[in-house]
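A.B. asks: Please read through the structure below; I'll follow up with questions.
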Amino acid sequence: MANTTTSSKGNDARAAAGQAYDKAKDVASQAVDKAKDAASSVGEMVHDTAKNVGRKADDLTSSAGTGIKHFGDTIREHAPQGMLGDAAKAVANTTKQVGSYLEEEGLSGMFEDVTKLIKRNPIPAILVGVGLGVLIGRVMRS
């Protein structure tokens, strides 16, 4: 009889251990699911924030473009007559074109254009980068 009781207690202990293991496994699985959900939510928030920052940067660039365009108009209006006036009008036209470009393209459009330019001209882009690096290095050393 003692053997049966011991055997029964052993079976009960194994069953309890199995149930505890299953319960721990379920709890761990739920914790992993909650962690995945939290990570997904954080990822979405970061993506939305980055998107909003990008939009604001484009808006600010567009505003700067509008201001530069108006500055070009002001230069043209106050340009003197003669050769100096012709030069001032050329500067005004260029300034107005830069302002229009910034206003229409924004920061993201500028990055796309620079990327295309670098892809079309990789060696000059590398040389410009090296040259800028040398200049920055000299300025920082001084």
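The values are calculated or read from the model by the stated rules, or taken from the named source; none is laboratory data. Owing to the predicted nature of the structure, the values given are computational and were not obtained by experimental measurement. Heads up, the Cβs are rebuilt from the backbone with ideal geometry, glycines too, and the neighbour counts pull from every protein chain shown.
A.B. asks: What are the residues in the range 97-142 that are basic (Lys, Arg) and modelled with pLDDT under 90, if any?
C.D. replies: As a first pass, look at the range 97-142 and keep what is basic (Lys, Arg): 116, 119-120, 138, 141.
Result: 141, single match.
A.B. asks: On the given criteria, is residue 9 of a type in the set (D, E, K, R), exposed (fewer than 13 other Cβ atoms within 10 Å of the Cβ), in a helix (DSSP H, G or I) and at pLDDT below 80?
C.D. replies: So residue 9 passes the test.
A.B. asks: Let me ask something else about it. How many residues are closer than 17 Å to residue 98 by Cβ and over 45 Å from the mean Cα position of the chain (by Cα) if we restrict to the range 73-87?
C.D. replies: 0
A.B. asks: A further question follows. Would you please name the residue that is nearest to residue 105 (Cα to Cα), looking only at residues in the range 69-93 that are exposed (fewer than 13 other Cβ atoms within 10 Å of the Cβ) and among the acidic types (Asp, Glu)?
C.D. replies: Across the range 69-93, the extreme among qualifying residues is 77.
A.B. asks: Quick check: is even one residue across the range 103-117 more than 22 Å from the chain's Cα centre (by Cα), exposed (fewer than 11 other Cβ atoms within 10 Å of the Cβ) and either under 28 Å from residue 67 (Cβ atoms) or not aliphatic (A, V, I, L, M) (or both)?
C.D. replies: Initially, the range 103-117 is screened for residues more than 22 Å from the chain's Cα centre (by Cα), giving none.
Checked the range 103-117: no residue is more than 22 Å from the chain's Cα centre (by Cα), exposed (fewer than 11 other Cβ atoms within 10 Å of the Cβ) and either under 28 Å from residue 67 (Cβ atoms) or not aliphatic (A, V, I, L, M) (or both).
A.B. asks: Does the range 33-55 contain any residue that is under 30 Å from residue 107 (Cα atoms) and in contact with a Leu (Cβ under 9 Å, 6 or more places away or on another chain)?
C.D. replies: There is at least one residue in the range 33-55 that is under 30 Å from residue 107 (Cα atoms) and in contact with a Leu (Cβ under 9 Å, 6 or more places away or on another chain).
A.B. asks: Over 19 Å from the mean Cα position of the chain (by Cα), closer than 30 Å to residue 99 by Cα, surrounded by 10 or more Cβ atoms within 10 Å (Cβ to Cβ) and modelled with pLDDT of 80 or more: which single residue out of 61, 49, 66 fits that description? So that I can check it myself, show each step before the final result.
C.D. replies: Working: 61 fails: over 19 Å from the mean Cα position of the chain (by Cα); 49 fails: over 19 Å from the mean Cα position of the chain (by Cα).
So the residue among 61, 49, 66 that is over 19 Å from the mean Cα position of the chain (by Cα), closer than 30 Å to residue 99 by Cα, surrounded by 10 or more Cβ atoms within 10 Å (Cβ to Cβ) and modelled with pLDDT of 80 or more is 66.
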